[in-house]
């Protein structure tokens, strides 16, 4: 939990939706207002190269600049061009179209999405259509070199406001992995694959599989577990032992 909190704080420190820090890009729609000169008010999308065509001064390159830097640049051009002696320029971003986030994995509408303003993790998942029934309980957020995993209950709950209010930013990748599963076979009523819940034990997995058949041995439980090196480890377990992802639980037939 300590390391998750530290990683989360690190990610949150990279959020750039404050307009003073936001860097303008192609497609962003900006509104420019010059005090006492309503005829110069302009609202337009930045074109190729992040250029803005502004009355009197013509094309101005704003790509990679903050709103404050854009204001200073436009003010300077109006002043040095002899159009306004002491211009007071205000630049506002009305739509953030140059910023994109990718949502992949087990969502109904995976793809790249344009951010048109501050967007939380939860809102971005909703934009992608939500998580499919095959989606797991974990969401992976990649931001540059940083990677953090969030559990769905914690993200959707009301206990951690920092998660609910955390915004996605340009370049983020949200990945919803497929749900983890365990497999139950042998002398059970409904053998098959089942969703692995947190801290699930053998007894809980058996209940999902419909319980023991009349021929089942209640004590002879075995699992096949895939090791990190790819090898299969076979071992006996009890009903209270915790299962891991991709465990294969097998119930033997009673010898009596």
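Key figures
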item	result
Scan of the stretch 62-92 for residues that are in contact with a helix residue (DSSP H, G or I) (Cβ under 6 Å, 6 or more places away or on another chain) and assigned to a strand (DSSP E or B), ordered by number	89, 91
Enumeration of residues in the stretch 96-113 that are part of a strand (DSSP E or B) and in contact (Cβ under 8 Å) with a residue 60 or more places away in the chain	100, 101, 102, 103, 104, 105, 107
The stretch 114-137 - residue that is closer than 14 Å to residue 175 by Cβ and within 12 Å of the chain's Cα centre (by Cα) and, of those, surrounded by the fewest Cβ atoms within 10 Å (Cβ to Cβ)	131
Boolean, residue 164 is assigned by TED's automatic domain parsing to the domain that holds residue 135 and either at negative phi or modelled with pLDDT of 90 or more (or both)	yes
Residue in the stretch 40-49 that is at pLDDT below 50, part of a helix (DSSP H, G or I) and either touching a helix residue (DSSP H, G or I) at 6+ places or on another chain (Cβ under 9 Å) or in the same structural domain as residue 167 (by TED's automatic domain parsing) (or both) present	no
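The values are calculated or read from the model by the stated rules, or taken from the named source; none is laboratory data. Keep in mind it's a predicted model, so treat the numbers as computed, not measured. As a convention, Cβ positions derive from the backbone with ideal geometry for all residues, glycine included, and neighbour counts pool all protein chains shown.
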